[in-house]
Amino acid sequence: MELSFDLLSDKLLPFIFQSGAKLISALLIWVVGSSLIRLLVHFLTRILERVKLVLSLHFFLISFISVGLKILSTISAWSTHRIEINLKQIQNFRTVLSSPESRTIILPNGPLANNDLVNFTTEGKLRVDLEFGINYGDSIEKAKKVLLTLMEKHPKVLEDPAPFGGVTSLGDSSVNLAVRPHCHPEDYWEVYFDLYEEGKNSLDVHHIEIPFPQRVVHQKSV
């Protein structure tokens with residue numbers, strides 16, 4: 001399968017521009033946090049050396065403190081295809097988390113401290129990514145107006161950043177519209193489910209059809 005340059009530029013470049021600032025910010029936070037942790041660990045090491053602590057216990061305490069600080073500095077929310085996972089307990093060799101599905105997740109401290117963590121609560125707001133498909137024969141501007149009005153009226157959608165709606169792709173059977181409201185992290189799922197349900201109903205009221213996947217077949221007579 002060939003990848004067209006236009007497709008890459010339309011899809012990949014906007015994603016890079018939108019994500020670049022957040023990636024740089026996350027990197028700076030990680031670098032600064034890691035530097036502070038190294039300084040604190042160095043300070044504690046000198047104190048433990050002065051009190052002549054048993055060598056094995058010395059290394060154990062330093063390792064435990066270092067891992068604990070790395071986890072605490074980054075894990076108010078941890079993501080693997082979830083919006084929020086809450087920290088319950090940091091033990092000697094593992095960390096216990098709870099998910100929105102009321103599941104208990106137990107992770108070893110080593111990989112957790114050395115891998116990337118995504119914090120969804122630091123900024124105090126989250127973008128909700130939704131997508132609606134409309135018929136090629138329907139008005140794009142009318143559909144955008146309907147969906148933008150819906151977002152602006154929702155009590156949990158933030159005014160700043162302002163809600164956004166626009167064409168994200170031209171599918172085989174539909175023109176796909178990106179719907180991008182922002183909300184507080186604790187309101188994410190409420191906004192997500194409400195806008196999908198109310199968006200479908202609002203488009204129906206304004207006679208804008210969400211099409212089924214379809215294929216046009218041309219039959220040639222011999």
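Each reported figure results from applying straightforward, stated rules to the coordinates on display, with no laboratory input. Since we're looking at a predicted model, the values are computed, not measured. Neighbour counts run over all protein chains shown; Cβ positions are idealised from the backbone, glycine included.
At LYS220 and THR104, where each label point lies 7 Å from the Cα along Cα→Cβ, what is the point-to-point distance in nanometres?
6.7
If R₀ is 30 angstrom, what is the calculated FRET efficiency for the pair GLU159 and ASN135, using the beta carbon separation as r and rounding to 0.05?
In this case the efficiency is close to 0.45.
Using amide H atoms built 1.01 Å from N in the peptide plane, name the residues 5+ places from GLU209, or on other chains, whose amide H lies under 5 Å from its own.
ASN135
Segment 172-222: which trypsin sites (Lys or Arg not before Pro) are DSSP loop and have at most 13 other beta-carbon atoms within 10 angstrom?
Taking segment 172-222 and a limit of 13 other Cβ atoms within 10 Å, the loop trypsin sites (Lys or Arg not before Pro) found are ARG215, LYS220.
Give the total of Lys-Lys pairs in segment 126-205 with Cα-Cα distances below 15 Å; include a pair only if its members are 8 or more places apart or on different chains.
5
Around ASN201, under 15 Å between beta carbons, what's the net of Lys plus Arg minus Asp minus Glu among the other residues?
With Lys, Arg at +1 and Asp, Glu at -1, the net is -3.
For PHE212 and ARG127 in one chain, what is 0.36 nm times their gap in residues minus the Cα-Cα distance, to one decimal in nm?
Going from the current span to full extension adds 27.9 nm.
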